[in-house]
Amino acid sequence: MAGPVRDGGLQPLDRELNRECREFAETLRELFLELGISVRRYATRCYLNPGTLSRYLSGSRIAPWQFVEELLHHLDEDCGTRLDPSALDRLRRRHQAALRTAASIGRAVQQLEGQLQAADREARRAGAREEQLDQALDDTRQTIADLDARLVRLESRPLLPAPPAPADRVPPPGRTEPSDHAEPPDHAEPPGHAEPPGRDEPPAPSDATAPPDRSTLLAERDALAREVDRLAEELARARDRAACAETRCDLFERQLALVEQQQGLADVRAPAVRPLEEGLPPKVLLVDDRPDNLMVLEAVLGPHGHRLVRAESGPDALRALLEPDDFAVILLDVQMPGMDGYETAAHIKRRARTRDIPIIFVTAIGTDPDHSMRGYAAGAVDFIPKPVDPWALRAKVAVHVELHRERRRHATLPAPTRHVPPPAHAHAGTGTPAGAKVPKAGAPSAR
């Protein structure tokens with residue numbers, strides 16, 4: 001019995017707490033342990049379910065401030081412990097920070113998981129469509145190959161001689177042709193009686209059973225060739241959609257991992273200081289026609305070391321991008337007067353120097369499939385709804401900034417050089433003889 005009473009029957013702290021929630025839960029546990037009673041006994045006193053109280057003290061649920069005040073009142077009554085104003089203010093700030101970060105991180109995870117699921121569905125649909133088009137393209141090409149083989153056989157078939165005319169027929173041996181003055185035999189047919197067809201000549205082939213001529217096969221082949229071109233274009237578009245959806249899945253997985261890392265045991269650390277050779281941090285372009293929205297974005301992203309560039313309209317954003325070097329990402333509002341976000345994105349993607357800068361649409365009109373498809377068609381790589389979730393926003397920007405740094409590091413690496421072994425005479429120390437030609441790298445040996 002001594003063990004459970006000594007620690008009050010407390011459950012261990014939740015392993016997935018962020019720093020703010022952990023600090024508040026630890027303070028709450030210290031206050032509870034001063035009472036010296038078990039969790040079940042105190043739950044009975046407060047008219048709470050023991051499981052609910054256990055979740056409050058383990059940090060998996062944030063206790064309401066009313067519960068904190070009741071706990072402080074019981075401490076004052078039972079133990080004479082009273083917090084001074086500074087300690088009470090510190091406890092209140094920790095409670096507010098825990099409420100803010102716990103709810104926000106939960107919303108951020110839910111938002112990113114929803115985006116990941118939508119991108120995964122789009123990737124699977126595009127992949128299935130790609131397989132269908134690929135199979136249809138193979139079948140059509142096989143049909144064209146069969147037609148080509150029929151055309152070759154048709155062109156190589158020898159021409160058959162025409163059948164002889166009826167007047168040129170030769171009578172069989174022992175039979176003479178009747179003369180013009182001979183009497184008609186008794187069994188001769190009366191004048192005007194026609195010979196029944198099929199007695200002496202084979203019937204002519206009907207149009208229904210006649211093989212198609214060369215012009216018909218060529219026309220069919222041309223139609224199939226046009227179908228191949230159409231299927232190939234549609235297949236290329238389906239592959240692009242599948243590749244874009246896979247890229248978005250990768251981005252959302254990175255963002256989720258970053259948010260979950262911030263939600264885990266480790267404290268949320270400030271961004272690591274980059275080596276001096278990497279120069280200034282990348283720039284982030286913020287585009288919104290409302291200054292208060294820009295202030296919110298700057299307040300969320302400013303403390304994390306990003307170089308923020310403001311633009312209050314689409315034309316301002318295009319002017320800021322006249323020197324597009326070192327922009328890692330663009331946060332672009334959709335609903336702006338004059339040039340809206342879609343038109344601004346189209347201008348950015350038409351410029352050769354800015355078309356590769358990723359664009360995240362910041363929108364209050366929803367992220368339903370219609371708006372998403374229009375945004376992706378305009379060149380966006382991601383969406384973030386308003387009101388902006390700070391954890392999701394920081395994760396999205398941090399991922400694109402890190403990708404930009406990786407591209408910048410790869411661009412500064414020296415190109416791989418091909419090692420060329422020295423000539424054999426160089427190892428002997430004789431040098432190149434006068435007048436001799438130096439063999440080119442990769443040239444075959446004289447041997």
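Couple of notes before you dig in:
- J(HN,Hα) series, segment 381-394, from Karplus relation 6.51 cos²θ - 1.76 cosθ + 1.60, nearest Hz, glycine and proline x: 9, 6, 10, 9, x, 9, x, 5, 7, x, 5, 5, 4, 4
- Charge dipole (debye, nearest 20) of segment 276-412; +1 at Cβ of Lys and Arg, -1 at Cβ of Asp and Glu: 400
- Average Cα contact separation per residue, segment 2-82, under 8 Å, 6 or more apart, as relative contact order %: 37
- Estimated at 0.36 nm per residue, the fully extended path between E155 and L88 surpasses their Cα-Cα distance by 14.2 nm.
Values in this text are rule-based calculations from the coordinates and carry no lab data. Quantities reported herein were computed from a predicted structural model and do not represent experimental measurements. Glycine also receives a Cβ, built like all others from the backbone with ideal geometry; neighbour counts cover every protein chain displayed.
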